[in-house]
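**Student:** Quick one: the structure is below, and I'll ask about it shortly.
The values are calculated or read from the model by the stated rules, or taken from the named source; none is laboratory data. The structure presented is a predicted model; accordingly, all values stated were derived computationally and were not measured. All Cβ positions, even for glycine, are placed from backbone atoms using ideal geometry, and neighbour counts span all protein chains on display.
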Amino acid sequence: MTDPRLAPWRAQGGAVCDALGRPLVGLGLWVGRLTSWLGLAIILAVLTTVTLNALGINEIANWGSPDVLLFGTAITINSVTELQWHLFGLLTLFGGTYALHSDTHVRVDLFYQRLSPRGRAVVDILGHIIMLIPFCLLIAWLSKHFVTMSYMSGEKSNYGGLVDRYLIKAMLPTGLVFLALGALGQIFENLACLFDPARTPERLKDHEIASLAGLADQQNAAHATTDATAPQNHADGSHDNAR
């Protein structure tokens, strides 16, 4: 709930930024949950490849015509093998946005955990604007050429595997643009936090709670150590008095 003492322009700015960021973040989380099911598809593809290899079967089906997207006119062991590689690529590309929003991606830093929620919001905003979004858009732009070349040349597997390679290669710029949109959504969320502290995202609150929990654990451990040594000190004092 917004603090009634907050300046109206800050409350309004927080509401606008939150309204802009929430759909982008929500979309990233939804797609992340959806692509998580690709893990089962990858397992199924691996089991199929292992079974076919053990049975010595190379071709699962051959329908001659018409061409089916990605598979062409047949499904072979090479098709399934390549499919598992590309499914893993899709899982990584589109699951990265979910990892970003749930704050489960890898962080290599020494100071972020020690910052306040507002400090972490500032770090995230600067990191997204200076590094993440430019990187995603640059690689997406540079990869557009090899997607176009793949489409124009009709690129396909040389070993009887998947066809329509351009569709697979197109997932790289698509996934990176999607990640950039997710980062933009986080920028709006963090700006809403700076305008109105009551709109602090949960991923920033979790850090704060974890830090407080860690501090509480340290304090409890210190109290436990003190309580454990107190009887011993008392006993030593009694022994001295007895002397």
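**Student:** Within the stretch 142-156, can you find the residues that are touching a residue at least 24 places away in the same chain (Cβ under 8 Å) and within 13 Å of Ala170 (Cα to Cα)?
**Tutor:** Ser143, Lys144, Val147
**Student:** Would you mind finding the one in Trp85, Trp37 that is under 20 Å from the mean Cα position of the chain (by Cα), of a type outside the set (Val, Ile, Thr) and closer than 26 Å to Arg203 by Cβ?
**Tutor:** Answer to the selection: Trp37.
**Student:** Among the residues of the stretch 186-218, what is the count of those that are in a helix (DSSP H, G or I), modelled with pLDDT of 60 or more and not β-branched (Val, Ile, Thr)?
**Tutor:** Applying the first criterion (in a helix (DSSP H, G or I)) to the stretch 186-218 yields 186-195, 197-199, 202-218.
Filter again for modelled with pLDDT of 60 or more, leaving 186-195, 197-199, 202-205.
Narrowing further to those that are not β-branched (Val, Ile, Thr): 186, 188-195, 197-199, 202-205.
Here the count works out to 16.
**Student:** Pro66 is checked against (1) modelled with pLDDT under 90; (2) of a type outside the set (Phe, Trp, Tyr); (3) part of a helix (DSSP H, G or I) and fails just one. What number does that condition carry?
**Tutor:** The failed condition is (3).
**Student:** While we're looking at this one, here's another question. Looking at the stretch 122-134, can you tell me whether even one residue there is assigned to a helix (DSSP H, G or I) and either among the acidic types (Asp, Glu) or touching a Pro at 6+ places or on another chain (Cβ under 7 Å) (or both)? Don't jump to the end; show me each part of the working.
**Tutor:** Let us first name the residues in the stretch 122-134 that are assigned to a helix (DSSP H, G or I), namely 122-134.
This time we only want the ones that are either among the acidic types (Asp, Glu) or touching a Pro at 6+ places or on another chain (Cβ under 7 Å) (or both), so: 124.
Yes, the stretch 122-134 contains at least one residue that is assigned to a helix (DSSP H, G or I) and either among the acidic types (Asp, Glu) or touching a Pro at 6+ places or on another chain (Cβ under 7 Å) (or both).
**Student:** When you check Val163 against the structure, is it under 28 Å from Phe71 (Cα atoms), touching a Ser or Thr at 6+ places or on another chain (Cβ under 8 Å) and surrounded by 16 or more Cβ atoms within 10 Å (Cβ to Cβ), yes or no?
**Tutor:** Yes: the conditions hold for Val163.
**Student:** With (1) of a type outside the set (A, V, I, L, M); (2) under 17 Å from the mean Cα position of the chain (by Cα); (3) under 28 Å from Val80 (Cβ atoms) as the list, and Gly160 as the residue in question, which single condition is left unmet?
**Tutor:** Gly160 satisfies every listed condition except (2).
**Student:** Something else now. Leu69 is checked against (1) surrounded by 12 or more Cβ atoms within 10 Å (Cβ to Cβ); (2) among the hydrophobic types (A, V, I, L, M, F, W, C); (3) closer than 18 Å to Ser157 by Cα and fails just one. What number does that condition carry?
**Tutor:** (1)
**Student:** Just a yes or no: is a residue in the stretch 40-62 surrounded by 13 or more Cβ atoms within 10 Å (Cβ to Cβ), hydroxyl-bearing (Ser, Thr, Tyr) and at pLDDT 90 or above?
**Tutor:** Yes, the stretch 40-62 contains a residue that is surrounded by 13 or more Cβ atoms within 10 Å (Cβ to Cβ), hydroxyl-bearing (Ser, Thr, Tyr) and at pLDDT 90 or above.
**Student:** So in the stretch 123-133, with the set limited to residues that are under 17 Å from Thr200 (Cα atoms) and crowded, with 16+ Cβ neighbours inside 10 Å, which one is nearest to the chain's Cα centre (by Cα)?
**Tutor:** Looking at the filtered set, the residue picked out is Asp124.
**Student:** Quick one: is Ala74 surrounded by 12 or more Cβ atoms within 10 Å (Cβ to Cβ), small (Gly, Ala, Ser) and touching a Leu at 6+ places or on another chain (Cβ under 6 Å)?
**Tutor:** When the stated conditions are applied, Ala74 does not pass them.
**Student:** Tell me, yes or no, whether the stretch 103-116 has at least one residue that is surrounded by 14 or more Cβ atoms within 10 Å (Cβ to Cβ), at pLDDT below 90 and within 30 Å of Val46 (Cα to Cα).
**Tutor:** Yes.
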